Amino acid sequence: MTLTSNQLSAATPRRARLLKICQAFPEVGIEPVGDGHMTFRIRKRIFGYYLFDHHGDGVIAFTCKSSLSEQRRLIKDDPDSFFVPAYLGSNG
């Protein structure tokens with residue numbers, strides 16, 4: 001799946017907003033990982049990932065841990081905004 005022009009034009013300001021929000025957390029570390037991806041850590045513990053067209057899936061997303069029940073509720077209530085990421089999402 002290919003990224004749309006709307007996704008690409010919105011990506012830079014959304015990424016900047018995400019960075020600003022996450023940098024407000026105490027002791028946060030942000031590490032670039034490969035082709036536009038980032039890992040977010042607090043004291044060596046990963047709390048989220050920014051994924052940019054991961055494996056060509058056409059998705060730009062911030063993924064983070066939640067409870068399985070919260071994950072299911074979010075996806076049920078707004079499937080256009082929330083999804084279960086491959087490899088990470090089966091446990092919440």
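The values are calculated or read from the model by the stated rules, or taken from the named source; none is laboratory data. Keep in mind it's a predicted model, so treat the numbers as computed, not measured. Quick reminder, even Gly has a Cβ in these numbers, built from the backbone with ideal geometry, and neighbours come from all protein chains shown. Remember, those area values only see protein heavy atoms, side chains included, never the ligands or the DNA or RNA. Shrake-Rupley method; radii C 1.70, N 1.55, O 1.52, S 1.80 Å.
Of the residues Pro85, Tyr49, Ala10, the one whose Cα sits farthest toward the positive end of the charge dipole of the chain, with +1 on the Cβ of Lys and Arg and -1 on the Cβ of Asp and Glu, is Tyr49.
On full extension, the segment bounded by Val59 and Thr39 gains 5.6 nm, given 0.36 nm per residue less the C-alpha separation. Principal semi-axes of the equivalent ellipsoid, √(5λ) from the alpha carbon gyration tensor of the range 25-92, are 21, 17, 9 Å from largest down. For the chain, the share of DSSP beta bridges that are antiparallel, to the nearest 5, is 100%. Accessible area per residue for the chain is 75 Å², calculated with a 1.4 Å probe on protein heavy atoms, without ligands, DNA or RNA. Full extension of the segment from Ser67 to Arg14, taken as 0.36 nm per residue of separation minus the current Cα-Cα distance, would add 16.6 nm. Note on the range 13-91: with neighbouring protein chains present and a 1.4 Å probe, carbon and sulfur make up 55 percent of its accessible heavy-atom surface.
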